[in-house]
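Student: Dropping a structure here in structure tokens format, bear with me for questions.
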Amino acid sequence: MRTPWTRDTEGHVPGGIVVEHTVLLWRLDPASPNRMAGGPGPDDLVIVMCNEGYQSTLTAEALRRLGFSRATDLADGFRGYAAAGLPTAARPTRYVT
């Protein structure tokens, strides 16, 4: 949900997994033959995050339509998270393309 240049400049949430927005739905979709290995199940908590909390709201809704009942997003996005003084990391835990 965040562009590579904002992630590289502003950082990541520790433990976060980056799944590019262009592939996110088919990489998480339980019915997709190209689903990401070790991806979340329909009962797992999935938190999507963009820079400011707008695009992620739409993506969380799309994930709920795919069956992820606990999909949600972070109000105010990564920038709100970082502004609250919460920890950031230079690199993601995992990167999925």
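Student: What are the residues whose amide H is under 5 Å from the amide H of residue 20, where those residues sit 5 or more places off or on another chain and H is modelled from the backbone?
Tutor: Amide H neighbours of residue 20, under 5 Å, 5+ apart: 96.
Student: Could you sort 81, 95 by their accessible area in this structure, using a 1.4 Å probe and putting the largest first?
Tutor: Largest accessible area first, the list is 95, 81.
Student: So what's the back-of-envelope 222 nm ellipticity for the chain, counting only DSSP H runs of four-plus at -39500 (n - 2.57) apiece and dividing by all residues, rounded to 500?
Tutor: Rounded to the nearest 500, the figure is -8000 deg cm²/dmol.
Student: Can I ask one more? Averaged per residue, what accessible surface does the chain expose to a 1.4 Å probe, in Å²?
Tutor: Counting only protein heavy atoms, the per-residue value for the chain is 59 Å².
Student: On the full set of protein chains, 1.4 Å probe, figure out the accessible area of residue 23 and give it in Å² to the nearest 10.
Tutor: Looks like 20 Å² after rounding.
Student: Search the structure for amide H atoms under 5 Å from the amide H of residue 53, placed 1.01 Å from N in the peptide plane, and list their residues when 5 or more places away or on another chain.
Tutor: For residue 53, whose amide H was placed from the backbone, the distant partners under 5 Å are 77, 78.
Student: What's the magnitude of the charge dipole for the chain around its Cα centre, counting Lys and Arg as +1 and Asp and Glu as -1 at the beta-carbon? Answer in Debye, nearest 20.
Tutor: 200 debye
Student: With θ set to phi - 60°, apply the Karplus curve 6.51 cos²θ - 1.76 cosθ + 1.60 along segment 41-49 and write out the HN-Hα couplings as whole Hz, x wherever there is a Gly or Pro.
Tutor: Listing the rounded values in order: x, x, 9, 7, 6, 10, 10, 9, 9 Hz.
Student: May I ask you to derive the relative contact order of the chain, considering only C-alpha pairs under 8 Å and at least 6 residues apart, and to give it as an integer percent?
Tutor: 39 percent
Student: Of the heavy-atom accessible surface of segment 1-42 (probe 1.4 angstrom), what whole percent is carbon and sulfur?
Tutor: Within segment 1-42, the accessible surface is 61 percent carbon and sulfur.
Student: Once the cut-off is 18 Å, how many percent of the Cα-Cα pairs in the chain end up in the long-distance tail?
Tutor: That fraction is 42 percent.
The values are calculated or read from the model by the stated rules, or taken from the named source; none is laboratory data. Just so we're clear, the structure is a prediction, and the values are computed from it rather than from any experiment. With ideal geometry, Cβ positions are generated from the backbone for all residues, glycine too; neighbour counts draw on all protein chains shown. For accessibility, only protein heavy atoms count, side chains too; no ligands or nucleic acids. Shrake-Rupley method; radii C 1.70, N 1.55, O 1.52, S 1.80 Å.
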